[in-house]
Amino acid sequence: MTEQITTFEASWLSVTEFTQVAGLSQGDVVELVEVGVLKPAGRSINDWAFDSEAMNLARRLRRIREDLELNLDVHALTLGFRLLERINELETALNRANIHQLQDRT
Amino acid sequence: MKFKDYYEILGVSREATADEIKKAFKKLAHKYHPDISKDPDGEEKFKEVNEAYKTLKDPELRKAYDQLGRHNPGEQFRPPPGWEQYAQGGGFSGAHGGASGFGGGGFGAGGFEGAGFEDVDLSELFAQMGRGRAHAGRGAHQGAGQQFKAPGQDFEVTAHISLDEAAKGTMIELNLEMPEYDAQGRLHRVPQVFKARIPKGATDGQKMRLPGKGGKGFNGGPNGDLYLNIALHPHPLFRADGHDLFLDLPVTPWEAALGAEIDVPTLDGAVRMKISAGTPAGRKLRLGGRGLPKPKEGQGDLYVIVQVATPTELNDAEKALYQQLAEASTFNPRGHFVAEAHRAS
């Protein structure tokens with residue numbers, strides 16, 4: 001039995017790490033950035049930093065693609081990212097509405 | 001090892017064609033996939049369906065599975081003698097290189113015999129065979145004798161922490177079972193205690209990635225990653241939105257009307273708060289810096305939402321006073337109804 005101690009910090013991913021996590025080619029990632037569906041920080045590709053939100057979307061889409069054996073081109077990937085992003089926004093808004101609403105205590 | 005009926009899970013006959021199996025899987029996958037389905041048990045169901053499909057779609061794995069015979073689902077069973085030879089030799093002629101690449105015997109005799117089977121799950125067995133075959137195939141193109149590298153598995157775990165722990169930071173202990181190979185190439189589940197420090201300022205739903213802390217890679221392949229989801233336990237008083245906290249503050253009708261000083265709980269103890277006279281229900285009062293701390297610096301805010309609570313049971317004296325108030329008051333909260341009715345007519 002091994003024991004490890006680590007600190008979790010919010011993570012930023014480089015373009016190489018992001019392509020690995022997303023299971024996409026660098027060419028696809030570049031196109032998705034050009035389309036504007038991915039918005040990494042940093043000006044040049046070597047400075048790109050993807051936030052954990054992009055990481056979560058990419059992992060979710062990868063899971064769907066792999067589990068359902070979908071072979072998506074950049075066009076379909078863009079749609080996938082946009083729809084997942086939209087679902088995230090709606091879920092967040094719904095959670096927020098629940099939080100801000102007066103709780104029914106009856 | 002417990003038996004699972006992969007055909008029954010997919011709802012196909014034992015004689016189903018590859019096409020029928022694929023169709024059945026797609027239908028069930030769309031129904032249960034956790035990213036698509038609304039079914040709260042979707043994740044569990046999809047896992048089963050996926051496991052069944054991964055095995056039955058591969059002709060060699062399907063053959064090996066069929067060799068296990070028919071048992072009742074959940075029944076403890078042992079593969080027939082010589083099964084692993086069949087799996088390795090006959091059916092898996094191409095797999096030899098890949099399997100032995102996993103360090104020594106691969107799924108060698110010792111690995112599947114006797115005690116080795118008890119702590120192994122049917123799904124792990126077939127997943128591993130599948131991986132071995134895939135890499136053997138790939139290896140063949142790279143030339144014989146080459147070692148097959150394979151990345152380790154990614155893991156995702158959810159850590160449930162309290163609001164106080166999120167505020168102060170905490171140490172969590174994760175008990176993971178990582179599939180690993182011993183020197184003889186046997187597959188084991190190795191319990192691993194993983195201690196992780198969650199720094200202060202973690203928020204609900206936050207995901208963190210620990211590169212290389214997932215399953216071990218094979219033959220120098222990269223390790224998988226460990227993903228940690230933070231989930232906050234609901235707090236009896238506070239609701240968290242990012243680093244901001246929300247608290248319902250019930251006040252009496254007279255406190256709302258006349259104003260009052262009220263002790264309000266915060267994460268660092270109660271503070272006295274002034275409610276001004278004529279405070280309507282639903283008013284949001286902000287206590288700056290009384291929310292959750294942010295990771296680097298600063299704090300979220302605490303929002304106190306005024307809730308006017310009305311007594312449901314009145315004693316005689318209270319009733320008389322409310323009666324008196326009703327007669328004396330000119331307050332009409334529905335004045336705009338009348339104006340609206342006039343406008344409409």
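Where a number appears in this text, it was derived from the coordinates with a stated rule and is not lab data. None of the values given here were measured: they were computed from a predicted structure. Ideal geometry is used to build each Cβ from the backbone, glycine not excepted, and the neighbour counts take in all protein chains shown.
Key figures
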{"read-out": "Vicinal HN-Hα couplings computed from phi for the stretch B:40-56 (Karplus, 6.51 cos²θ - 1.76 cosθ + 1.60; Hz; Gly/Pro x)", "value": "x, 9, x, 4, 4, 5, 4, 4, 4, 4, 5, 4, 4, 5, 4, 7, 6"}
{"read-out": "Centroid-to-centroid separation of the stretch B:297-337 and the stretch B:148-174 [C-alpha atoms, Å]", "value": "46 Å"}
{"read-out": "Highest average packing first - B:306-315, B:202-211, B:54-63, Cβ atoms within 10 Å", "value": "B:202-211, B:54-63, B:306-315"}
{"read-out": "Nonlocal amide H pairs with residue B:178, under 5 Å, H built at 1.01 Å", "value": "B:190, B:192"}
{"read-out": "Trypsin sites (Lys or Arg not before Pro) lying in DSSP loop within the stretch B:276-345, provided at most 12 other Cβ fall within 10 Å", "value": "B:296, B:334"}
{"read-out": "Listed residues B:234, B:277, B:295: farthest to the positive end of the dipole of the stretch B:205-305 (Cβ charges)", "value": "B:295"}
